[in-house]
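Worksheet: the structure to be examined is printed underneath.
The values are calculated or read from the model by the stated rules, or taken from the named source; none is laboratory data. These numbers were taken from a predicted model, which means no experiment stands behind them. Note that we place each Cβ from the backbone using ideal geometry, even for glycine, and neighbour counts take in every protein chain shown.
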Amino acid sequence: MKRLLLPLVAGTMLAGQASAFVVNDIRLDGLQRVSAGSVFNALPITIGDDVDSQAVSEAARSLFRTGYFQDIQLGRDGDVLVVTVVERPSISKIDIEGNKAIQTDDLLKGLKQSGLAEGEIFQQATLEAIRLELERQYVAQGRYGARIETEVEPLPRNRVAVTIKVREGKVSTIKDVNIVGAKVFSKSELLEQFTLKTSNWTSWYSSDDKYSREKLSGDLERLRSWYLDRGYINFNISSTQVSITPDKEGVYITINIDEGGKYTVNGVKLAGDLAVEEEEIRSLLLVEDGQVFSRQLMTSTEDLITRRLGNEGYTFASVAGIPRPDHENNTVDITFFVEPGRRAYVRRINFSGNIKTEDEVLRREMRQMEGASANTTKIEQSKTRLSRLGYFKEVNVETVPVSGVTDLVDVNYSVEEQPSGSITASLGYSQSDGMILGGSVSQDNFLGSGNKVSLSLNTSKVRKLYSFSFNDPYYTVDGVSRGYSLFYSKTDNNNSNVTNYSVDTMGGDISFGYPLSEISSINFGLGVENNKLKKGSSASNEVNKFINEEGSSFTNFKANLGWSQSTLNNGLLPTRGWSQGVSLQTSLPGSDLMFYKLNYRAQRFWPITGPFTLRASGRVGYGGAFGGTSDLPFFENFYGGGFGSIRGYKDNTLGPRSKQKDGSYDPVGGNLLVESTMEVLFPLPFIKDQRSLRTSLFFDAGNVFDASCDRELVSCYKPSFSDLRYSVGLGLTWITPMGPLTFSLAKALKEETHDESQVFQFSLGTPF
């Protein structure tokens, strides 16, 4: 009211002095923080103007519109126009108390966007509007008991301190969801489509019993889709009521629906410019005559046709399925209108976010080429190949039209890099081992080049290891890879989990990989290895027998051959797709020992519901010898237990054992390995970014066996289901700057004599 009356008062003051006058000067009184220039810019009167009461009233309105002042008076001192103002106070500080569901930084950001921030001019109306908006936001979260109170404290020099006190209250829980009008489907069947549920034993984790307006809107849309996908095209949600209990902690939801009749497809037509052969488009149709109408099948058909046209360069093709119902016969005629638009060509392919990784490393994974017609499948295929590198947390792609032309697009890939290697180091001292020094560096993306480099230097009284390996995945432009490695190790197994012996190993190898298709490749390599064995102080019968019969020094020439396939969506922590691979390692003629080892690995991911995914994996390994004996050299045996095997059991402790001279029974491994895992992958609650984390509930099964059982063993373990070992537990993998860090808490379910269980296990450097 003051804002409207003051200009009238100012006009009356001048009218009493003179009806009009020429302004020779303008004087400003009362300014503190607002500059004189800001007032003069807003004031429509300048020196030399003739002013009357109407001009003065308009001037007052203009100054009020700036929002800087809470009181304005215009007066006359001779030919001088006197403007006297009282500034609105400025905001010295803003305190927010009691908020938990909405972060303080987010609230302050929202307040600033609404004009309420430190240093800004304070307006009570703005504060009240913000208070009401905050209450609405909390109500949208289901916090019907939320209350927002504000306090404004005057401070010296025309400033104020604003305090916003938040009482969030509890999120109202759902007591009942009632669907009125459902006749065809049962209430329980329909409620399975809802994310909102009444309280149940999993609600403490999923919070699915907490009411939210947004979740209810999503559930209503899912309910609509459920009916439309089953032929009920006239389905309608007539009303929705949400009732709150008096204590504002309970919610009752009532949904009134009209199901309508069930419709079937009477005919399917194509219209418009098909751009490709009609028979090819018809082969993509998922809807057929006589089929129950389904909106999902109709929209999926639209997507398939759109992608097919996109593969021909029609990036902006439009396909719309239009159903025309016949209400008398409960049938639907569907016409797919196709508008391909102009064929688009790729002008440039751009990359962003690759701070470390070179552009060339990304560009060589492209299947879409610059200058070629845009191909939807190749653009998506290129995105998948970038994800499989394992260098990036996330890969996104966007096709952007080039301004000014209608047939050119830019393809922009944005990536977010993640650690793609591991670093370990150790320094210590013990009476048995002496000084322990060690370190290793492994980089899958060395200096951003895409090459894999690994260097390991570890030395102690027990073990010395020196190794170097290098792999170039693009040794040729066709994607042929080349790798080589050199290694030397000296190991004394006196204090390890395996039978007592020491071995010095030195060797090297070179390998090549050749791509067969987008998802499969073969690899082959040659290597040489020298082993020098020495019996331990209490060597087992197995070790003694082998050294007595075969000797203690061997030089073996090895050949490796492998084949692999992968459709996984990520190189480190995949969540979709499958992979499998088989490899054969065999010694060549001229070797001191003739043997072979065959391995097969596979894994697959299935989405279950929501964020949950099922992973199944397995491995089978088998080895044997040439030349009249079926036994592998004992130092080439398979071992089981620990990460990458059967968690819950100590590393390398499963399978056959041999008696040592001191009377103990140590593992000696076997020539047959069987391992399998079933895991349910789920996100950790309260953590927003899950891209570098994987948590799972797992069930492991397997063991190590001796297929022939012709060795002098205490525990032979001939292949048998009865001798499988099992474990269950919780696993977590975290991609850290130091490398993948993996933990597990496991319970061994079948622990027999001589088995060694281990509840907590961890590793740094290799995800499982």
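Among the candidates Gly48, Gly75, Gly119, Gly115, which residue alone is under 30 Å from Gln141 (Cα atoms) and either assigned to a strand (DSSP E or B) or small (Gly, Ala, Ser) (or both)?
It is Gly115.
Can you report the number of residues in segment 375-392 which are surrounded by fewer than 18 Cβ atoms within 10 Å (Cβ to Cβ) and in contact with a Lys or Arg (Cβ under 6 Å, 6 or more places away or on another chain)?
1
Applying the selection to segment 99-132, what residues are surrounded by 13 or more Cβ atoms within 10 Å (Cβ to Cβ) and under 32 Å from the mean Cα position of the chain (by Cα)?
Matches in segment 99-132: Asn99, Ala101, Ile102, Thr104, Leu107, Leu108, Gly110, Leu111, Lys112.
Just to check your reading of the model, which residue among Thr677, Thr653 is at pLDDT below 90 and surrounded by 21 or more Cβ atoms within 10 Å (Cβ to Cβ)?
From the options Thr677, Thr653, the qualifying one is Thr653.
Restricting to segment 273-302, name every residue that is more than 26 Å from Arg224 (Cβ to Cβ) and of a type outside the set (D, E, K, R).
Residues satisfying the conditions are Leu274, Ala275, Val276, Ile281, Ser283.
Has segment 70-87 got any residue that is out of contact with any strand residue (DSSP E or B) (no Cβ under 8 Å at 6 or more places or on another chain) and more than 28 Å from Lys688 (Cβ to Cβ)?
Taking segment 70-87 as the starting set, the residues that turn out to be out of contact with any strand residue (DSSP E or B) (no Cβ under 8 Å at 6 or more places or on another chain) are 78.
From what is left, the residues that are more than 28 Å from Lys688 (Cβ to Cβ) are 78.
So far as segment 70-87 goes, yes, one or more of its residues are out of contact with any strand residue (DSSP E or B) (no Cβ under 8 Å at 6 or more places or on another chain) and more than 28 Å from Lys688 (Cβ to Cβ).
Which condition number does Phe626 fail, the rest of (1) surrounded by fewer than 17 Cβ atoms within 10 Å (Cβ to Cβ); (2) touching a helix residue (DSSP H, G or I) at 6+ places or on another chain (Cβ under 9 Å) being met?
Every listed condition holds for Phe626 apart from (2).
Give me a count of the residues in segment 245-259 that are assigned to a loop (DSSP other than H, G, I, E, B) and either touching a Lys or Arg at 6+ places or on another chain (Cβ under 6 Å) or over 10 Å from Lys175 (Cα atoms) (or both).
5
What are the residues in segment 196-244 that are free of Cβ contacts under 8 Å to residues at least 60 places away in the same chain, among the hydroxyl-bearing types (Ser, Thr, Tyr) and in a loop (DSSP other than H, G, I, E, B), if any?
Result: Thr198, Ser199, Thr202, Ser207, Tyr232.
Filter segment 170-191 for residues that are among the aliphatic types (A, V, I, L, M) and part of a helix (DSSP H, G or I); which is farthest from Thr245 (Cα to Cα)?
First, the residues of segment 170-191 that are among the aliphatic types (A, V, I, L, M): 171, 174, 177, 179-180, 182, 184, 190-191.
Subsequent filtering for residues that are part of a helix (DSSP H, G or I) retains 190-191.
Working: Leu190: 25, Leu191: 22 Å.
In this case the residue turns out to be Leu190.
Suppose we keep only residues that are outside any loop (DSSP other than H, G, I, E, B) and surrounded by 15 or more Cβ atoms within 10 Å (Cβ to Cβ) within segment 750-763. Which one would you say is modelled with the lowest pLDDT?
Ser763
Taking the options Asn544, Asn569, name whichever one is in contact with a Lys or Arg (Cβ under 7 Å, 6 or more places away or on another chain), part of a loop (DSSP other than H, G, I, E, B) and at negative phi.
Asn569
Quick check on my filter: what residues within segment 432-490 are hydroxyl-bearing (Ser, Thr, Tyr), modelled with pLDDT of 75 or more and within 30 Å of the chain's Cα centre (by Cα)? Write out each step before concluding.
First, the residues of segment 432-490 that are hydroxyl-bearing (Ser, Thr, Tyr): 432, 440, 442, 449, 454, 456, 459-460, 466-467, 469, 474-476, 481, 484-485, 488-489.
Now narrow it down to the ones that are modelled with pLDDT of 75 or more: 442, 449, 454, 456, 466-467, 469, 474-476, 481, 484-485, 488-489.
Residues satisfying the conditions are Ser442, Ser449, Ser454, Tyr474, Ser481.
In segment 270-356, which strands (runs of 3 or more DSSP E) lie fully inside it and hold 1 or more residues that are over 30 Å from Glu416 (Cα atoms) and among the aliphatic types (A, V, I, L, M)?
318-326, 331-339
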